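The values are calculated or read from the model by the stated rules, or taken from the named source; none is laboratory data. Here the structure is a predicted model, which is why all the values come from computation and not from measurement. All Cβ positions, glycine included, derive from the backbone under ideal geometry; neighbour counts span all protein chains shown.
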Amino acid sequence: MRAMILAAGLGTRMRPLSALVGKPVLPVLNRPLLRFTLDALRRAGVDEAIVNLHHLPATVRAALGDGRDAGVRLTYTHERTILGTGGGPRRVRAWLGRGPALIVNGDMLFDFDLCALVRDHRRSGAAATLGVRRMPRGGHYAPVVVGRGGQVTWVRGVPGEPPARGRRTLFTGIHVIDPALFERLPPGPSDSVADLYAPLVAQRAAAVRAFGVEGAWYDLGTPRLYLHAQLELLRARFRGRGGSAIHPEARVDATAIVRGAVVGAGCVVGPGARIERSVLWPGTRVGAEAVVRGSILARGASVAPRAIVVDVIQARAVAALRREPGGECDGNQVRFAGALQSA
């Protein structure tokens, strides 16, 4: 089975972190985000996947390589103009082949059974099956309304308001589709939900189903959500990671305290330092008796001895960060004090 991973977005809401590395390969629990996706695809029987690229493509290629070490052979396609969730697959329709294909958004972390989703799609004979889950309380997502038998009765783009009857669910960004459906889209940018599924649902021209998935699902849309998701995963002991995730190649002094935090490879945490509810990217440094709380230390960040860093993003002041609005440059460091409070 083949799959496409959508990884071409600009990651605008993830700034300033997405100025340093492509959003789909941000470090999550000390692994590039898409490494978790490749694991899930392999378990679902996917042996080949294509990844579309646009923003900072070299960072994505460097993090994933050819995919062979993950058991999924990767092909890359570069989009000079971002084609969207419909136009991207439409462009590589021939590569996707004849059989059902998995389409997966590259900016989320999930841990549910894709095999069950694929089995339901094959059994039903649907043209497309959307992986959905319960709408979170207070969620600001456009619903996918599901009727009896799993038929989708309303999605974003269908005229009128969502019907009162039917189950309101959240589309996870994972779907199984007959690649021939993409031929309904014109070449160029388009959206798979509004431009493909909405007309099909409105016209009842093809069967669009929904299948409920269970398990972890995190939208890593902003720095605040990126930090929150990792702290939640630590609390839930995701894949055996509980309390803190300290990379074996990190150097943490025996007198330092690390609680509910992620510490990357090559990090140095000095004597008496305290790291709480934070994410430290590989190679960052925290001086003796410094305090880092509720923060993200990104590429090249260095916290001076006895300094207190709370609720900020900090990174080395490379050219990309110097152009980011809201940063305060102090020597070779840039601090973004409000980025973790915005939704």
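Close Cβ contacts (under 7 Å, 6 or more residues apart or on different chains) running from residues in region 57-73 that are among the polar types (S, T, N, Q) to residues that are crowded, with 17+ Cβ neighbours inside 10 Å and not in a loop (DSSP other than H, G, I, E, B) comprise THR59/VAL25. Only residues that are within 24 Å of MET14 (Cα to Cα), assigned to a helix (DSSP H, G or I) and of a type outside the set (Gly, Ala, Ser) were counted across region 214-240, and they come to 13. A single member of ALA206, ALA194 is surrounded by fewer than 22 Cβ atoms within 10 Å (Cβ to Cβ), small (Gly, Ala, Ser) and in a helix (DSSP H, G or I), and it is ALA194.
Residue count for region 125-156 under the criterion of being assigned to a loop (DSSP other than H, G, I, E, B) and either surrounded by 19 or more Cβ atoms within 10 Å (Cβ to Cβ) or in contact with a helix residue (DSSP H, G or I) (Cβ under 9 Å, 6 or more places away or on another chain) (or both): the result is 5. Criterion applied to ILE257, ILE296, ILE275, ILE308 was being β-branched (Val, Ile, Thr) and under 22 Å from the mean Cα position of the chain (by Cα), and the one residue passing it is ILE296. Set side by side, the residues PHE171, PHE211, PHE182 differ, and just one is outside any helix (DSSP H, G or I), over 30 Å from ASN30 (Cβ atoms), in contact (Cβ under 8 Å) with a residue 24 or more places away in the chain and in the same structural domain as GLU79 (by TED's automatic domain parsing), which is PHE211. Checked against (1) within 15 Å of the chain's Cα centre (by Cα); (2) under 30 Å from ALA245 (Cα atoms); (3) β-branched (Val, Ile, Thr), VAL72 meets all criteria but (1). Candidates in region 313-333 are the residues that are under 10 Å from GLY300 (Cβ atoms) and touching a residue at least 40 places away in the same chain (Cβ under 8 Å); of these, the one that is surrounded by the fewest Cβ atoms within 10 Å (Cβ to Cβ) is VAL318.
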